[in-house]
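Report on the following structure.
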Amino acid sequence: MRFPRPRKAKAPPTPSIGSLVRAPLIALVVLLILLAANIATAYLNLGGGQIYLNIAFALVSVGLIGTVFMELRKENALNRLCAAAGFAWLAIFLLLTFGDYLSRTIMPF
Amino acid sequence: MTTSAEDRALREPWDDLERQRQAALTGIWFFSASELLFFGGLFVAYAVNFYLWPHGSMEAGGHTGLAYGLSNTVVLLLSSAAVAVAAASARWPALGRFSRACVWVTMILGVAFLTIKGLEYRHDIEERLIPGPGFPIEARGAQLFFAFYWTSTALHAVHLTVGLGLLLRLAIVGARDPQWYSKTPAVNVTALYWGFVDVVWTILFVLIYLPGRAT
Amino acid sequence: MTDATLDHAPDKPGDDHLGYLSEGGHTLWSWLTTTDHKRIGILYALTITVFFFIGGVAIAIARLELVTPAQDLVSADTYDRLFSMHGIIMVWFFLVPSIPTTFGNFLLPMMIGARDLAFPKLNLFSWYLTAIGGIFVFVALLAGGTDTGWTFYVPYASNYSDSNVLPALIAIFISGFGTIATGINFITTIHTMRAPGMYWFRLPLFVWSMYAVSLAIVLAPPVLAMALTAIAAERVFGLPLFNPADGGDPLLYQHLFWFYSHPAVYIMILPAMGVVSEVIPCFARRRLFGYSFMVYALVAIAVIGFSVWGHHMFVSGQSAYANLVFSFMSFMVAVPSAIKVFNWTATLYRGQISFEAPMLYSFGFVGLFTMGGLTGLFLASIPIDIQATDTYFVIAHFHYIMVGGTVSAFFAALHFWWPKVTGRMYPEAVARFAAILMFFGFNFTFFPQFIMGWAGMPRRYGSYPPEFQIYHVLSTAGAGVLGIAYLMPLFYLTWSIFYGRRAPANPWEATGLEWQTPSPPPKHNFERMPVVDTEPYAYHRRSEAPEVETQTDQNEQMGGTP
């Protein structure tokens with residue numbers, strides 16, 4: 001017995017190239033703007049916390065790549081969970097490792 | 001009733017193409033999570049070394065070739081957009097040739113990335129930015145920074161090359177069998193892999209090229 | 001469960017009793033190019049058996065050296081290489097693959113009612129990655145092994161060791177990706193290929209244990225891959241990531257290494273727990289006690305297990321606050337394990353317990369795992385760990401779990417599912433003897449190690465002060481007994497393949513979809529897709545004791561109504 005297949009709807013009409021290109025193109029423009037802004041802020045002298053700002057820009061870009069280019073918006077819950085799991089586990093790793101480094105007493109030498 | 005194109009795209013043990021596609025996407029997303037942790041190990045190492053030696057790291061960051069890095073980032077973003085369009089258009093047979101053209105554009109941009117990287121490597125070697133004797137920057141932590149630079153960019157380039165291989169297979173087999181190309185999950189899987197390569201580069205760009213610009 | 005959809009009644013004369021063993025081809029090539037999950041499970045089983053015995057020989061030589069206090073049988077350098085290769089081979093080429101790639105591969109699709117895994121070709125590729133990794137292990141062995149310990153601590157492994165570190169790193173790296181692919185395969189399969197009616201909370205616990213272990217398998221090994229790549233980068237290209245001379249922190253390597261290697265030990269134990277959860281209900285004829293808590297416990301162990309890695313680094317220079325956090329989380333992770341031990345024990349209550357070999361091994365598992373787990377709690381307590389770290393106490397602790405636990409469960413699984421895999425019954429009396437011998441041999445080997453470890457015997461030393469000799473002699477003698485107990489199944493199981501009694505489809509009258517197929521199963525597992533409509537472990541109706549079939553009750557004996 002084959003597993004019952006879902007009844008196929010009538011095939012939707014072929015979309016225009018323009019409609020397919022629109023979302024990636026907008027995302028691309030936004031990403032390039034973010035990139036420019038990121039580099040510009042890198043030249044401001046913000047001291048030690050500088051890199052966090054740059055990383056923040058990068059994470060927004062990553063989010064955009066994930067949701068638009070990698071179509072995470074259209075995916076089912078399981079796949080979104082897989083993507084989230086990768087970041088969550090990396091966060092656990094960073095958090096607990098830095099828990100060690102930030103609480104060490106460094107003896108002067 | 002499956003068409004023969006679906007039969008060619010359908011693999012054991014699947015009965016239904018849509019379920020196979022969903023499973024393939026789950027597989028590649030989970031694989032991306034694991035690969036994120038692979039590079040994540042390097043990110044943690046970078047973060048720790050940056051924390052221990054902020055001055056050395058920033059001085060080292062100022063020596064990286066921002067022009068090369070920026071060009072590569074733009075190239076890779078364009079290629080990501082191209083492969084995303086390729087994947088979105090692949091499922092319609094009428095847009096098959098357009099989709100495969102986008103795959104070729106992605107490949108060309110990928111090769112451009114590797115070329116720019118090669119030029120950058122040559123530049124870095126000329127400047128002796130290889131950890132070891134003769135390293136030009138005195139500050140502690142600078143050699144660690146460049147160890148991270150060489151390791152992470154080399155690993156990223158390897159992943160990108162694998163991606164080029166996947167794209168080439170899509171383009172060639174897709175041209176021979178356009179019906180298979182419109183049904184197979186392989187297009188989505190390859191596009192997602194390429195997107196992941198772009199995600200890693202986006203993070204690497206910030207870690208390598210942006211520290212130490214302000215001085 | 002639909003009543004036995006036996007499409008192929010066994011013992012019919014003229015039947016081909018070989019199922020998947022002959023369907024799909026008889027040639028070596030057909031086996032090497034198979035995508036049948038059952039055949040791939042057997043390929044893995046053969047591979048890990050080879051490595052089990054090689055790793056065993058390595059430590060046998062080391063244990064012979066330890067009989068005398070002086071370094072007289074082998075040099076200190078050789079001794080380092082022996083225990084290092086023992087650890088590397090046993091961890092990555094026996095324990096980590098053991099149950100998931102053999103029994104997981106073989107049983108997972110059958111237990112959920114599927115024809116195969118989600119990605120059969122990826123499954124074969126996984127085996128090839130493991131095999132290629134294995135070839136690099138042979139390269140490392142033939143070149144003389146590595147002396148860094150299985151932990152490859154820097155800066156020794158990256159800058160100072162002149163042994164064959166690189167082949168060992170490559171071996172682990174390559175086989176690690178095989179394991180990751182298996183994990184992806186399992187998770188996708190469980191999510192997308194369950195038969196109709198096989199809801200999440202009807203899954204056998206073995207399937208849940210495969211799910212939990214796959215979570216760990218996909219998310220932890222990549223970090224190890226990076227840690228090992230970093231060592232290789234330092235050795236081969238001189239790129240310093242941890243080198244103290246350039247300001248690097250060797251403890252950073254330990255963070256990277258143990259972020260993987262602690263979840264790795266859960267990778268090694270979770271499948272064993274799954275096996276025991278299948279065997280105990282069957283031979284006690286009881287529903288598993290607390291099914292849903294067993295499920296939560298498995299997932300909790302897998303997840304919490306990612307936050308305890310620093311307990312391997314209490315004395316390495318971690319901050320006191322980090323020590324505190326990791327110690328606390330290590331206590332937390334013991335709770336779900338304890339829940340499982342209680343539930344296995346509670347499952348026995350009012351059961352009709354029989355002592356077949358799988359049950360003996362499972363009892364051994366529960367007792368030895370408990371001892372190993374409790375001593376783990378000792379080690380999670382920082383003041384005790386400072387005393388016990390790098391001593392034989394730690395070695396005894398993890399061997400109680402890995403060997404007393406996982407290897408016992410592996411043998412339980414081997415005997416429990418042997419009829420299904422091969423279509424033959426093993427000789428029960430000999431198997432029971434081997435199980436009991438293994439239990440005694442194991443304790444003789446490792447219990448003295450707790451005592452001498454606490455007394456101060458350090459690990460990784462081939463020579464030692466004479467007051468420890470008695471313990472080492474006991475331990476080595478026990479290891480000899482243990483070795484015999486491991487060799488016995490090799491012989492009688494092989495014997496049973498040719499001369500064993502033919503097995504029916506369900507020799508143990510166990511629940512589970514895999515028992516609804518013939519022994520051995522046909523290539524596609526099920527002729528018709530099963531539809532599931534009962535709970536798991538339905539050995540008796542809820543709230544009723546199992547029907548007593550063998551005893552005649554008193555009334556009946558006196559002639560009254562039953």
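The values are calculated or read from the model by the stated rules, or taken from the named source; none is laboratory data. A quick note: this is a predicted structure, and the numbers were derived from the prediction, not measured. Note: ideal-geometry Cβ built from the backbone for every residue, glycine included; neighbour counts use all protein chains shown. Accessible surface areas use protein heavy atoms only, side chains included; no ligands, DNA or RNA. Shrake-Rupley method; radii C 1.70, N 1.55, O 1.52, S 1.80 Å.
It is to be established whether one or more residues within segment C:376-383 are more than 16 Å from the chain's Cα centre (by Cα), open to solvent by 10 Å² or more (accessible area, probe 1.4 Å) and farther than 30 Å from A:Phe98 by Cβ. Looking for residues that are more than 16 Å from the chain's Cα centre (by Cα), open to solvent by 10 Å² or more (accessible area, probe 1.4 Å) and farther than 30 Å from A:Phe98 by Cβ, one finds none in segment C:376-383, hence no. Out of everything in segment B:2-54 that is of a type in the set (Ser, Thr, Tyr) and either more than 10 Å from chain C (Cβ to nearest Cβ) or over 22 Å from A:Arg73 (Cβ atoms) (or both), what residue ends up being surrounded by the fewest Cβ atoms within 10 Å (Cβ to Cβ)? Step by step, filter segment B:2-54, then rank; the result is B:Ser4. Here's a check for you: in segment C:298-352, which residue that is at the interface with another protein chain (Cβ under 10 Å from one of its Cβ atoms), among the aliphatic types (A, V, I, L, M) and buried (at least 22 other Cβ atoms within 10 Å of the Cβ) is farthest from C:Tyr260 (Cα to Cα)? Among residues in segment C:298-352 that are at the interface with another protein chain (Cβ under 10 Å from one of its Cβ atoms), among the aliphatic types (A, V, I, L, M) and buried (at least 22 other Cβ atoms within 10 Å of the Cβ), the one farthest from C:Tyr260 (Cα to Cα) is C:Ala322. Checking the stated criteria, C:Glu509 turns out to be within 29 Å of C:Tyr537 (Cβ to Cβ) and surrounded by fewer than 17 Cβ atoms within 10 Å (Cβ to Cβ).
Within segment C:472-498, can you find the residues that are of a type in the set (Ser, Thr, Tyr) and either open to solvent by less than 30 Å² (accessible area, probe 1.4 Å) or touching a residue at least 60 places away in the same chain (Cβ under 8 Å) (or both)? Across segment C:472-498, the qualifying residues are C:Ser475, C:Thr476, C:Tyr486, C:Tyr492, C:Ser496.
Looking only at residues in segment C:353-370 that are open to solvent by less than 30 Å² (accessible area, probe 1.4 Å) and among the hydrophobic types (A, V, I, L, M, F, W, C), the one that is nearest to C:Gln254 (Cα to Cα) is C:Phe369. When we screen C:Thr146, C:Thr182 for residues that are open to solvent by less than 10 Å² (accessible area, probe 1.4 Å), among the hydroxyl-bearing types (Ser, Thr, Tyr) and part of a helix (DSSP H, G or I), the only hit is C:Thr182.
If you go through segment B:55-87 and keep only what is free of Cβ contacts under 8 Å to residues at least 12 places away in the same chain and open to solvent by 20 Å² or more (accessible area, probe 1.4 Å), you end up with B:Ala67, B:Val74. Screening segment C:72-104 for residues that are in contact (Cβ under 8 Å) with a residue 40 or more places away in the chain, of a type in the set (Val, Ile, Thr) and outside any loop (DSSP other than H, G, I, E, B) and picking the one that is surrounded by the fewest Cβ atoms within 10 Å (Cβ to Cβ) gives C:Val91. Looking across segment B:75-114, just one residue is touching a Pro at 6+ places or on another chain (Cβ under 6 Å) and more than 8 Å from chain A (Cβ to nearest Cβ), and that is B:Gly96.
Residue-by-condition table, conditions (1) open to solvent by 10 Å² or more (accessible area, probe 1.4 Å); (2) in contact (Cβ under 8 Å) with a residue 12 or more places away in the chain; (3) within 14 Å of chain B (Cβ to nearest Cβ):
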site	(1), (2), (3)
C:Asn159	yes, yes, yes
C:Pro167	yes, yes, no
C:Gly176	yes, yes, yes
C:Gly197	yes, yes, no
C:Phe201	yes, yes, no
C:Trp208	yes, yes, no
C:Ser214	no, yes, yes
C:Ala230	no, yes, yes
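Each row is one residue, and each column tells you yes or no for (1) under 30 Å from C:Ser327 (Cα atoms); (2) modelled with pLDDT under 90; (3) at the interface with another protein chain (Cβ under 7 Å from one of its Cβ atoms); (4) open to solvent by less than 60 Å² (accessible area, probe 1.4 Å).
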{"residue": "A:Tyr43", "(1), (2), (3), (4)": "no, yes, yes, no"}
{"residue": "A:Val60", "(1), (2), (3), (4)": "no, no, no, no"}
{"residue": "A:Leu64", "(1), (2), (3), (4)": "no, no, no, yes"}
{"residue": "A:Ala77", "(1), (2), (3), (4)": "no, yes, no, no"}
{"residue": "A:Gly86", "(1), (2), (3), (4)": "yes, no, yes, yes"}
{"residue": "A:Ile92", "(1), (2), (3), (4)": "yes, no, yes, yes"}
{"residue": "A:Arg104", "(1), (2), (3), (4)": "yes, yes, yes, yes"}
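Note on segment B:103-144: residues that are out of contact with any His (no Cβ under 9 Å at 6 or more places or on another chain) and farther than 23 Å from B:Ala82 by Cβ total 15.
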